[in-house]
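**Q** First the structure, then my questions, so here it is.
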Amino acid sequence: MQQPSDVQRLPAEQMFRAELEALTAAETRPVPTGWRMSPWSVRTYICGGRVGDVEITPKYMGNERLVEIAIATLLTDRALLLAGEPGTAKSWLSEHLCAAINGDSTRVIQGTAGTTEEQIRYSWNYALLIAEGPSERAMLKSPVYRAMEDGAVARFEEISRCAGEVQDALISLLSEKRVSVPELHLDVPARKGFSLIATANTRDKGVNDMSSALKRRFNIVVLPAPASLEAEMRIVQSRVAQLTSHLDLNAALPAEDIVRKVCTIFRELRAGRTLDGSQKLKPTSGVLSTAEAISLLAGSMSLAGSFGDGTVGDIDLAAALQGAVIKEDDKDSLAWKEYLENVMKKRGEGWFGLYAACRELLP
């Protein structure tokens with residue numbers, strides 16, 4: 001049997017099991033039907049705090065009122081839609097909400113252009129279907145179906161990447177709170193505690209607008225990008241530490257000045273101007289989100305640990321930046337060259353090593 005230490009990425013309920021158990025054991029407030037802890041404890045798990053001797057690490061660093069609205073929504077008859085730009089922790093928040101509420105964040109549908117209505121409702125094991133005819137044994141229940149049976153919360157990631165007619169398969173499920181299986185003459189009602197958390201990017205290419213009828217079944221919470229450089233740095237440092245703790249990168253966590261440089265570059269190219277507002281910049285085609293900054297630093301650690309001395313330096317950072325910034329060669333290369341020459345080069349000695357390493361990698 002595979003041990004948790006052998007798993008590349010643990011689900012939230014395993015990664016933070018000690019915190020969840022401490023919150024559950026110390027619970028004194030009313031716990032809703034189907035939930036493992038009270039809304040107040042869910043908020044503590046998401047936003048951070050302390051329970052006895054156990055420190056609860058913050059999972060979402062942002063407007064705590066938005067977290068409270070999201071939690072309160074899941075107590076009503078409306079589903080929750082977390083919307084925002086890529087990298088604003090929508091999936092991360094949805095996973096941790098399910099982990100806290102149900103102790104299981106794995107009831108998830110990943111939305112893509114190839115997602116079908118059967119993946120939302122149910123499908124069949126066709127070998128059993130042909131051999132035995134329609135039966136519950138031959139049925140393959142979707143994560144939403146199982147959540148309705150269990151009175152739990154399901155997740156639907158990237159719902160706007162699905163075709164409109166596939167998205168609308170949710171309308172009857174969310175309105176009637178039951179799923180019909182005409183082949184078996186079954187009508188399965190959702191148990192108390194059932195809800196759905198969906199996520200949707202507002203800037204990604206290739207998305208499909210949700211119908212007005214479907215939007216009315218959701219309470220929409222828009223998660224903003226980090227408000228300041230310092231806030232983004234805190235998020236990046238925290239998530240890099242969590243992400244790399246289960247990876248054999250053989251490298252130390254990036255120093256604060258390295259994280260500051262990455263977040264500064266990303267925020268400036270994202271906004272199309274320098275942080276002080278004194279200079280306009282050509283934006284790049286990539287989103288350059290907080291999530292990408294986290295992945296970039298993890299990649300820099302891998303380079304430093306595999307081919308360096310284990311300390312992330314300018315040469316490691318430059319290689320990762322090149323791949324993150326330049327997505328479309330002609331347009332992005334020009335914007336990156338101008339940024340290097342007109343901004344980074346002029347920032348003094350502290351930036352010159354990174355400038356030289358980035359300049360050397362340009363074609």
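The values are calculated or read from the model by the stated rules, or taken from the named source; none is laboratory data. As the structure is a prediction and not an experimental result, all values here were calculated from the model. Methodologically, a virtual Cβ is constructed for each residue, glycine included, from the backbone with ideal geometry; neighbour enumeration extends over all protein chains shown.
**Q** Does region 110-123 contain at least one residue that is more than 25 Å from Ile294 (Cβ to Cβ), touching a Pro at 6+ places or on another chain (Cβ under 8 Å) and among the aromatic types (Phe, Trp, Tyr)?
**A** No, there is no match, as no residue in region 110-123 is more than 25 Å from Ile294 (Cβ to Cβ), touching a Pro at 6+ places or on another chain (Cβ under 8 Å) and among the aromatic types (Phe, Trp, Tyr).
**Q** Cβ-Cβ distance below 7 Å, separation of 6 or more or different chains: which pairs start in region 114-134 with a residue that is outside the structural domain of Leu170 (by TED's automatic domain parsing) and end on one that is exposed (fewer than 10 other Cβ atoms within 10 Å of the Cβ)?
**A** Close Cβ pairs satisfying both conditions: Leu128/Arg137.
Quick grid of which residues meet (1) touching a strand residue (DSSP E or B) at 6+ places or on another chain (Cβ under 6 Å); (2) modelled with pLDDT under 95; (3) within 25 Å of Asn201 (Cα to Cα); (4) not small (Gly, Ala, Ser):
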| residue | (1), (2), (3), (4) |
| --- | --- |
| Tyr126 | no, yes, no, yes |
| Pro143 | yes, no, yes, yes |
| Arg146 | no, no, no, yes |
| Ala152 | no, no, yes, no |
| Ser160 | yes, yes, yes, no |
| Arg178 | yes, yes, no, yes |
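**Q** Right, next: Ser94 - would you say it is within 15 Å of Val144 (Cα to Cα), in contact with a helix residue (DSSP H, G or I) (Cβ under 7 Å, 6 or more places away or on another chain) and among the polar types (S, T, N, Q)? Walk me through how you get there before you give the answer.
**A** Values: within 15 Å of Val144 (Cα to Cα): yes; in contact with a helix residue (DSSP H, G or I) (Cβ under 7 Å, 6 or more places away or on another chain): no; among the polar types (S, T, N, Q): yes.
Answer is no for this residue.
**Q** Moving on. Testing Ser160 on (1) touching a helix residue (DSSP H, G or I) at 6+ places or on another chain (Cβ under 7 Å); (2) outside any loop (DSSP other than H, G, I, E, B), one condition comes back false. Which one is that?
**A** (1)
**Q** Could you please tell me which pairs satisfy a Cβ distance under 7 Å, a separation of 6+ or placement on different chains, a first residue in region 14-41 that is in the same structural domain as Val67 (by TED's automatic domain parsing) and in contact (Cβ under 8 Å) with a residue 60 or more places away in the chain, and a second residue that is acidic (Asp, Glu) and surrounded by 19 or more Cβ atoms within 10 Å (Cβ to Cβ)?
**A** So the pair list comes out as Leu20/Glu13.
**Q** If you don't mind, another one. Among the helices (runs of 4 or more DSSP H) contained in region 79-132, which hold 1 or more residues that are within 19 Å of Cys47 (Cα to Cα)?
**A** Numbers: elements: 90-102, 117-120, 126-132.
Result: 90-102.
**Q** Looking for something under 19 Å from Trp351 (Cβ atoms), out of contact with any strand residue (DSSP E or B) (no Cβ under 8 Å at 6 or more places or on another chain) and without any contact (Cβ under 8 Å) to a residue 12 or more places away in the chain - is there at least one such residue anywhere in region 285-301?
**A** no
**Q** Which one of these is over 26 Å from the mean Cα position of the chain (by Cα), buried (at least 17 other Cβ atoms within 10 Å of the Cβ) and not assigned by TED's automatic domain parsing to the domain that holds Met15: Ala335, Ala293, Ala251? Before you say what the answer is, go through the steps one by one.
**A** Numbers: Ala293 fails: over 26 Å from the mean Cα position of the chain (by Cα); Ala251 fails: over 26 Å from the mean Cα position of the chain (by Cα).
Only one candidate passes the filter, namely Ala335.
**Q** Any chance region 302-314 includes a residue that's under 23 Å from the mean Cα position of the chain (by Cα) and under 18 Å from Val236 (Cα atoms)?
**A** The answer is yes; a qualifying residue exists.
**Q** I've got another one for you. For region 206-223, state whether one or more residues are at pLDDT below 95, over 18 Å from Ile109 (Cβ atoms) and surrounded by 20 or more Cβ atoms within 10 Å (Cβ to Cβ).
**A** yes
**Q** Assuming Ala72 fulfils every condition listed in (1) outside any helix (DSSP H, G or I); (2) more than 18 Å from the chain's Cα centre (by Cα) apart from one, which condition is it?
**A** Failed condition: (1).
The rows are residues; the columns are (1) crowded, with 16+ Cβ neighbours inside 10 Å; (2) in contact with a Ser or Thr (Cβ under 7 Å, 6 or more places away or on another chain).
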position	(1), (2)
Ala131	no, no
Val144	yes, no
Ala154	yes, no
Arg161	yes, yes
Arg178	no, no
Pro182	no, no
Pro189	no, no
Phe194	yes, no
Asn201	yes, yes
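**Q** Here is a list of conditions, (1) surrounded by fewer than 19 Cβ atoms within 10 Å (Cβ to Cβ); (2) under 19 Å from the mean Cα position of the chain (by Cα); (3) touching a residue at least 24 places away in the same chain (Cβ under 8 Å), and Leu281 meets all of them except one; can you say which number that is?
**A** Going through (1) surrounded by fewer than 19 Cβ atoms within 10 Å (Cβ to Cβ); (2) under 19 Å from the mean Cα position of the chain (by Cα); (3) touching a residue at least 24 places away in the same chain (Cβ under 8 Å) one by one, Leu281 breaks only (2).
**Q** Out of Arg347, Arg267, report the one residue that is among the charged types (D, E, K, R), modelled with pLDDT of 90 or more, on the phi < 0 side of the Ramachandran plot and surrounded by 15 or more Cβ atoms within 10 Å (Cβ to Cβ).
**A** Arg267
**Q** Please report, ordered by residue number, the helices (runs of 4 or more DSSP H) entirely within region 289-363 with at least 1 residues that are within 18 Å of Ala251 (Cα to Cα) and not aliphatic (A, V, I, L, M).
**A** Result: 290-307, 314-325.
**Q** Please find, among Ala70, Ala89, Ala83, Ala25, the residue that is out of contact with any Pro (no Cβ under 9 Å at 6 or more places or on another chain), among the aliphatic types (A, V, I, L, M), buried (at least 19 other Cβ atoms within 10 Å of the Cβ) and at pLDDT 95 or above.
**A** Ala70
**Q** Sort out which residues of region 12-57 are more than 23 Å from Ser195 (Cβ to Cβ) and in a loop (DSSP other than H, G, I, E, B), and write them in order of number.
**A** Correct list: Ala26, Thr28, Gly48, Gly52, Asp53, Thr57.
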